[in-house]
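Visitor: The structure follows.
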Amino acid sequence: MTEIAPVDPRGRSVIQAYGGGRFRISGTEFAGSVIVLVDSVLSWPEGDRGELSIVGLSPVVEAEPGVEILLLGTGKTMRPLDPGLRAALKDRGIVGDAMDTGAACRTFNVLAGEDRRVAAALIAPA
């Protein structure tokens, strides 16, 4: 697993490591793809199947308080966000940004540390 420099969590989720199809978030290991909210982590089977849709991202869309930024970690390499999905997120007041999973993990920690309303949908890299 690739370790990420520690961040002061201040009661928020912190992504500590990723790789080998797993994540370590706030001291807990997760196998497979996940959705990380500032205060919780959910399994994301749609990510494991590569099914990126507004329905599969419902935990992000329905989060309270509302999410402003969704970081989509697309695995080992960056894949662009589908224009239809980007538009569906925008219609709900969410900015979607796709990047490789490592970059999404690091960016989530920075934004969460700045008290931003951020979420990350992370496809687990092998």
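Visitor: Would you check if V60 is under 28 Å from P83 (Cα atoms), in a strand (DSSP E or B) and of a type in the set (A, V, I, L, M, F, W, C)?
Guide: no
Visitor: Restricting attention to region 66-118, and to residues there that are hydrophobic (A, V, I, L, M, F, W, C) and in a loop (DSSP other than H, G, I, E, B), which single residue is nearest to G32 (Cα to Cα)?
Guide: Ranking the candidates gives M78 first.
Visitor: Exactly one of these conditions fails for G47: (1) in a helix (DSSP H, G or I); (2) without any contact (Cβ under 8 Å) to a residue 60 or more places away in the chain. Give me its number.
Guide: Here G47 meets the rest and fails (2).
Visitor: Going by the structure shown, is D39 among the charged types (D, E, K, R) and modelled with pLDDT of 90 or more?
Guide: Judged against the criteria, D39 is a match.
Visitor: Can you confirm whether L85 is free of Cβ contacts under 8 Å to residues at least 60 places away in the same chain, over 23 Å from V14 (Cβ atoms), in contact with a Ser or Thr (Cβ under 8 Å, 6 or more places away or on another chain) and crowded, with 17+ Cβ neighbours inside 10 Å?
Guide: yes
Visitor: While we're here: All but one of (1) loosely packed, with under 14 Cβ neighbours inside 10 Å; (2) under 20 Å from G11 (Cβ atoms) hold for V41; which doesn't?
Guide: If we test V41 against (1) loosely packed, with under 14 Cβ neighbours inside 10 Å; (2) under 20 Å from G11 (Cβ atoms), just (1) comes out false.
The values are calculated or read from the model by the stated rules, or taken from the named source; none is laboratory data. Just so we're clear, the structure is a prediction, and the values are computed from it rather than from any experiment. Note that each Cβ is placed from the backbone with ideal geometry, even for glycine, and that neighbours are counted across all protein chains shown.
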